[in-house]
Amino acid sequence: MSDLSNKANETPPRTSAIRRTFHIARVDRGAREVRGGTAPPRPRTGQLPRLSRLMALAIHFDHALASGRLRSQADLARAGQVTRARLSQIMNLCNLAPDLQEELLFLKPYFNGRAPITERQIRPIAAEPNWDKQRRRFKKLTGSAGRSDQE
């Protein structure tokens, strides 16, 4: 009985809590791994302007026609499952001055709201045959629309 009474009078051993910060990281092929510390901040990715994607598509279509992979815009429209009128709108982007095409390809992503420049705003500029006039109209448009590099 003396053993039981001694154990009852003993104070329980002190425990200490260990606090650690950790996060789950994805590694090879989607596997997960526990890592110490807080998770790195996620990069802020914006929305790539649709106009940039359409400009790239127009250039791709132009190369497909020039290389002979497709014979006509009608074949291209059937392959892309769009109307011939819509394909013409996209292909008209190739009528822009080369520096304007490059600027459209490299528009910065936008983070809030709508894209600063839309295809509808560019169509009348692409219809202008004079590249100098195109540049002036584009500069006027981008000056009033605000730059996409501002967040």
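The values are calculated or read from the model by the stated rules, or taken from the named source; none is laboratory data. Please read all numbers here as calculations on a predicted model, not as lab measurements. Methodologically, a virtual Cβ is constructed for each residue, glycine included, from the backbone with ideal geometry; neighbour enumeration extends over all protein chains shown. Ligands, DNA and RNA are excluded from the accessible area calculation, which covers all protein heavy atoms including side chains. Shrake-Rupley method; radii C 1.70, N 1.55, O 1.52, S 1.80 Å.
Across the range 36-50, which residue is nearest to LEU107 (Cα to Cα) among those that are open to solvent by 100 Å² or more (accessible area, probe 1.4 Å) and at pLDDT 85 or above?
ARG50
If you take the residues of the range 80-89 that are of a type in the set (A, V, I, L, M, F, W, C) and under 20 Å from ALA127 (Cα atoms), which of them is surrounded by the fewest Cβ atoms within 10 Å (Cβ to Cβ)?
Ranking the qualifying residues of the range 80-89, first place goes to ALA85.
For every residue, the table says whether it meets (1) of a type in the set (A, V, I, L, M); (2) open to solvent by 70 Å² or more (accessible area, probe 1.4 Å); (3) not in a helix (DSSP H, G or I).
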position	(1), (2), (3)
ARG78	no, yes, no
MET91	yes, no, no
LEU100	yes, no, no
PRO124	no, no, no
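Can you tell me which residue in the range 58-72 is nearest to GLY143 (Cα to Cα), limited to those that are small (Gly, Ala, Ser) and part of a helix (DSSP H, G or I)?
ALA58
Where the second residue is modelled with pLDDT of 90 or more and open to solvent by 30 Å² or more (accessible area, probe 1.4 Å) and the first is of a type in the set (Asp, Glu) and lies in the range 112-123, which pairs have Cβ atoms under 8 Å and are six or more apart or on separate chains?
Going by the 8 Å Cβ cut-off, the qualifying pairs are GLU119/ARG50; GLU119/GLN89.
For the structure I just gave you, tell me whether ASP149 is at pLDDT below 95 and either of a type outside the set (Gly, Ala, Ser) or open to solvent by 60 Å² or more (accessible area, probe 1.4 Å) (or both).
Answer is yes for this residue.
Could you look through the range 57-76, keep only residues that are open to solvent by 50 Å² or more (accessible area, probe 1.4 Å) and within 22 Å of GLN121 (Cα to Cα), and pick out the one that is nearest to the chain's Cα centre (by Cα)?
LEU57
Anything in the range 30-46 that is assigned to a loop (DSSP other than H, G, I, E, B), touching a residue at least 12 places away in the same chain (Cβ under 8 Å) and not polar (S, T, N, Q)? List them, or say none.
GLY37, ALA39, ARG44, GLY46 - these are the residues of the range 30-46 that are assigned to a loop (DSSP other than H, G, I, E, B), touching a residue at least 12 places away in the same chain (Cβ under 8 Å) and not polar (S, T, N, Q).
Of the conditions (1) under 30 Å from GLY143 (Cα atoms); (2) at pLDDT below 95; (3) acidic (Asp, Glu), ASP75 clears all except one; give me its number.
(1)
Before we move on, is LYS133 open to solvent by 30 Å² or more (accessible area, probe 1.4 Å), in contact (Cβ under 8 Å) with a residue 60 or more places away in the chain and either in a loop (DSSP other than H, G, I, E, B) or not aromatic (Phe, Trp, Tyr) (or both)?
no
Which numbered condition in (1) over 16 Å from ARG50 (Cβ atoms); (2) within 23 Å of the chain's Cα centre (by Cα) is the only one that PRO124 fails?
That leaves (2) as the condition not met.
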